[in-house]
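Peer 1: One structure coming up, written as structure tokens, with questions to follow.
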Amino acid sequence: GTSSQPPPRAPPAQCSCARPGLYSGEGSPAFRTQAQPGGSDSGPSSPSTTMSAAWIPVLCLGVCLLLLPEPAGSEGAVPIAITCFTRGLDIRKEKADVLCPGGCALEEFSVFGNIVYASVSSICGAAVHRGVISNSGGPVRIYSLPGRENYSSVAANGIQSQTLSRWSASFTVTKGKSGTQEATGQAVSTARPPAGKRLKKTPEKKTGNKDCKADIAFLIDGSFNIGQRRFNLQKNFVGKVALMLGIGTEGPHVGLVQASEHPKIEFYLKNFTSAKDVLFAIKEVGFRGGNSNTGKALKHTAQKFFTADTGVRKGIPKVVVVFIDGWPSDDIEEAGIVAREFGVNVFIVSVAKPIPEELGMVQDVAFVDKAVCRNNGFFSYHMPNWFGTTKYVKPLVQKLCTHEQMMCSKTCYNSVNIAFLIDGSSSVGDSNFRLMLEFVSNIAKTFEISDIGAKIAAVQFTYDQRTEFSFTDYSTKENILAVIRNIRYMSGGTATGEAISFTVRNVFGPVRDSPNKNFLVIVTDGQSYDDVRGPAAAAHDAGITIFSVGVAWAPLDDLKDMASKPKESHAFFTREFTGLEPIVSDVIRGICRDFLESQQ
């Protein structure tokens, strides 16, 4: 090309990768030869000259873009000011100069791919990721490219890009030409607002429906059993459900898996946190065909989909919504067992149940009851067909947002209220009091603390009682641990019985209707000046399980009087405050044991 002609959409002809086979790696020998002019090819055994065919397309693309000639009239052109969140799909040009603002939060960029980015990616995020600009912003040139499969995940320049299995359009970026326009975090959006209306400020990431916290995998049927037409109707229904859920950073997160001959995770929980992007992603999912191996796909989802690396959140119910058109072609019961073991709540949405003439082909006619989290009617949902399904959206969403019913998510780590009753009497001393607080922290940090998960409270007592924090004051582990560290030592006498009554009344009283199981851990170093039997018995009657931990001068009789039955597994004693540390694991195991027994 010459400077009087705009560059073609593909890389220029002088690049060896601009031929069929660019994206398959067929051009690798030619590229290797051209990349070393005048040199000798050291042969395939040399690591310095041989590169994986998978890297040839992206490296070649980068070199070719650097060789692109300047288009006529580009000198002095003013780049378009965009925002931190403007995506490649918002720029509907084959080539455009844009100006990224400075000061964007790196952790808020959504970037998919490396060198070649899915068009749903942030342009400025991709530019920082590739090293075209720094976080202080600057001019960027964006080139539109065709869609592709398997966008890779690479950490670069402070941004961790994400994987994406497939997208319909891509782009890449190079350094742009400086213009006269400045960009800020409130730059003009390129999202094409309606004509005549004032342009909006930078779109903020939506928090979503905070009353519907769930990590949801939609497991859709992609088999020949459903066919292409009903597959598209299924995607439309899933899109409506996703839209009504209220997806957002603090609301539900969703991902999608397709069941067919072999399961395929189409996108993960962490990939999208807005309903608009999720709808785009659902639309892009292609029909795979094959047998409806739903059991295989459910097992794969339970084991591989819900991990910290893929976006699962602690203390949030894990849910799989399985869509079955007709019946599964493999065993689904074992997969249901695996899902329950992984703490996953399985919902089955069955469509077009087998008619009597078809029952002979069904491996297990009770497949729904055996796969769901609980066979109580709550986790199963039926639609007669894929037509006119709008009326079924809201009832399903209501089920998915009822976290109290997510029985399979309930574990001892996320479904307990634990109050600590801490002796602050004069005999303890400040340094030993710090060891008691460390003991409390080590127990508390084991649990999945959240506003819908485990809850922690603490009361310090002498002759008086002081609520350090209640169950509703803090909902994150970080805040709880920070507050425990900063508890001030009171000093005084020891009235343990009155402290138990105070805690039952003022700490457990406000959460008496909580679905969580209640535990009280008492830590004391001496004999109480008042009766402990009556108050402890009242706590037991109120459904509170007591663990008593004594140090130094604490009488064993008092510890047993306060502890729940069996006494030997709920009362602990150590002569030294340094002996509290080994008791941490005993108390945690005891809480989990009691919780599991209460669920039987």
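Peer 1: Filter region 308-324 down to the residues that are over 19 Å from LYS477 (Cβ atoms) and open to solvent by 10 Å² or more (accessible area, probe 1.4 Å), then identify the one that is farthest from the chain's Cα centre (by Cα).
Peer 2: In the first step, residues of region 308-324 are kept if they are over 19 Å from LYS477 (Cβ atoms); the result is 309-310, 319-324.
From what's left, open to solvent by 10 Å² or more (accessible area, probe 1.4 Å): 309-310.
Working: ASP309: 8, THR310: 6 Å.
It comes out as ASP309.
Peer 1: Name the pairs whose Cβ atoms lie under 6 Å apart, with the first residue in region 442-468 and under 19 Å from HIS403 (Cα atoms), the second open to solvent by 10 Å² or more (accessible area, probe 1.4 Å) and among the polar types (S, T, N, Q), and 6 or more positions between them or separate chains?
Peer 2: Listed by first residue and then by second, the contacts come to GLU448/ASN414; SER450/SER475; ASP451/SER475; GLY453/ASN414; ALA454/ASN414.
Peer 1: Which residues, taken from region 284-307, are closer than 20 Å to ARG166 by Cβ, buried (at least 22 other Cβ atoms within 10 Å of the Cβ), in contact with a Pro (Cβ under 8 Å, 6 or more places away or on another chain) and not polar (S, T, N, Q)?
Peer 2: ALA297
Peer 1: Can you pull out every residue in region 424-436 that is under 18 Å from LEU481 (Cα atoms) and open to solvent by less than 10 Å² (accessible area, probe 1.4 Å)?
Peer 2: PHE433, MET436
Peer 1: Could you identify the single residue in ILE133, ILE123 that is more than 24 Å from LYS276 (Cα to Cα) and at pLDDT 90 or above?
Peer 2: ILE133
Peer 1: Looking at SER144, is it at pLDDT 90 or above and touching an Asp or Glu at 6+ places or on another chain (Cβ under 6 Å)?
Peer 2: Numbers: at pLDDT 90 or above: yes; touching an Asp or Glu at 6+ places or on another chain (Cβ under 6 Å): yes.
Criteria met by SER144.
Peer 1: State the number of residues belonging to region 280-289 that are in contact with a strand residue (DSSP E or B) (Cβ under 7 Å, 6 or more places away or on another chain) and not in a loop (DSSP other than H, G, I, E, B).
Peer 2: Residues flagged as in contact with a strand residue (DSSP E or B) (Cβ under 7 Å, 6 or more places away or on another chain) and not in a loop (DSSP other than H, G, I, E, B) within region 280-289 amount to 3.
Peer 1: Give me the pairs: first residue in region 141-157 and at negative phi, second residue open to solvent by 40 Å² or more (accessible area, probe 1.4 Å) and in a strand (DSSP E or B), beta-carbon distance under 6 Å, and six or more apart or on different chains, which are they?
Peer 2: Every condition considered, the pairs that remain are TYR143/LYS95; GLY147/SER168; GLU149/ARG166.
Peer 1: Then there's this: Any residue at all in region 520-529 that is touching an Asp or Glu at 6+ places or on another chain (Cβ under 8 Å) and hydroxyl-bearing (Ser, Thr, Tyr)?
Peer 2: So far as region 520-529 goes, yes, one or more of its residues are touching an Asp or Glu at 6+ places or on another chain (Cβ under 8 Å) and hydroxyl-bearing (Ser, Thr, Tyr).
Peer 1: While we're here: Looking only at region 447-493, count how many residues are of a type in the set (A, V, I, L, M) and assigned to a strand (DSSP E or B). Steps first, answer last, please.
Peer 2: Keep residues of region 447-493 that are of a type in the set (A, V, I, L, M), which gives 449, 452, 454, 456-459, 480-484, 487, 490.
Remaining after also requiring assigned to a strand (DSSP E or B): 449, 454, 456-459.
Of the residues in region 447-493, 6 are of a type in the set (A, V, I, L, M) and assigned to a strand (DSSP E or B).
Peer 1: Looking at GLY196, GLY158, which is the one that is among the small types (Gly, Ala, Ser) and modelled with pLDDT of 85 or more?
Peer 2: Going through GLY196, GLY158 in turn, the sole match is GLY158.
Peer 1: Across region 118-162, which residue is surrounded by the most Cβ atoms within 10 Å (Cβ to Cβ) among those that are among the β-branched types (Val, Ile, Thr) and within 19 Å of PHE280 (Cβ to Cβ)?
Peer 2: ILE123
Peer 1: So GLN398 passes all but one of these: (1) over 21 Å from ILE316 (Cα atoms); (2) modelled with pLDDT of 90 or more; (3) open to solvent by 30 Å² or more (accessible area, probe 1.4 Å). Which condition number does it fail?
Peer 2: Among (1) over 21 Å from ILE316 (Cα atoms); (2) modelled with pLDDT of 90 or more; (3) open to solvent by 30 Å² or more (accessible area, probe 1.4 Å), GLN398 violates only (1).
Peer 1: I would also like to ask the following. Among residues belonging to region 99-117 that are touching a strand residue (DSSP E or B) at 6+ places or on another chain (Cβ under 7 Å) and open to solvent by 10 Å² or more (accessible area, probe 1.4 Å), point out the one that is nearest to ALA81 (Cα to Cα).
Peer 2: Applying the filter and picking the extreme gives LEU99.
Peer 1: Hey, does region 470-483 have a residue that's of a type in the set (Phe, Trp, Tyr), farther than 25 Å from THR578 by Cα and open to solvent by 40 Å² or more (accessible area, probe 1.4 Å)?
Peer 2: Yes, some residue in region 470-483 is of a type in the set (Phe, Trp, Tyr), farther than 25 Å from THR578 by Cα and open to solvent by 40 Å² or more (accessible area, probe 1.4 Å).
Peer 1: Where the second residue is open to solvent by less than 60 Å² (accessible area, probe 1.4 Å) and of a type outside the set (S, T, N, Q) and the first is more than 21 Å from ILE247 (Cβ to Cβ) and lies in region 385-399, which pairs have Cβ atoms under 6 Å and are six or more apart or on separate chains?
Peer 2: Going by the 6 Å Cβ cut-off, the qualifying pairs are ASN385/ALA352; TRP386/LEU233.
Peer 1: Mind listing whichever residues of region 250-269 are in contact with a Ser or Thr (Cβ under 6 Å, 6 or more places away or on another chain) and of a type in the set (D, E, K, R)?
Peer 2: Passing the criteria: GLU250, GLU266.
Peer 1: Within region 474-494, count every residue that is touching a residue at least 12 places away in the same chain (Cβ under 8 Å) and within 28 Å of the chain's Cα centre (by Cα).
Peer 2: Qualifying residue count for the region: 8.
Peer 1: Just the residues that are in contact (Cβ under 8 Å) with a residue 60 or more places away in the chain, in a helix (DSSP H, G or I) and surrounded by 22 or more Cβ atoms within 10 Å (Cβ to Cβ), please, taken from region 242-279.
Peer 2: Within region 242-279, LEU245 is the sole residue that qualifies.
Peer 1: I would also like to ask the following. Might you check whether a residue that is crowded, with 20+ Cβ neighbours inside 10 Å, within 21 Å of the chain's Cα centre (by Cα) and under 25 Å from VAL504 (Cβ atoms) occurs anywhere in region 414-423?
Peer 2: yes
Peer 1: Which one of these does VAL459 not meet: (1) buried (at least 22 other Cβ atoms within 10 Å of the Cβ); (2) at pLDDT below 95; (3) touching a Lys or Arg at 6+ places or on another chain (Cβ under 8 Å)?
Peer 2: Among (1) buried (at least 22 other Cβ atoms within 10 Å of the Cβ); (2) at pLDDT below 95; (3) touching a Lys or Arg at 6+ places or on another chain (Cβ under 8 Å), VAL459 violates only (2).
The values are calculated or read from the model by the stated rules, or taken from the named source; none is laboratory data. Note that this is a predicted model, so its numbers are computed, not measured. Quick reminder, even Gly has a Cβ in these numbers, built from the backbone with ideal geometry, and neighbours come from all protein chains shown. Side chains included, ligands, DNA and RNA excluded: accessible areas come from the protein's heavy atoms. Shrake-Rupley method; radii C 1.70, N 1.55, O 1.52, S 1.80 Å.
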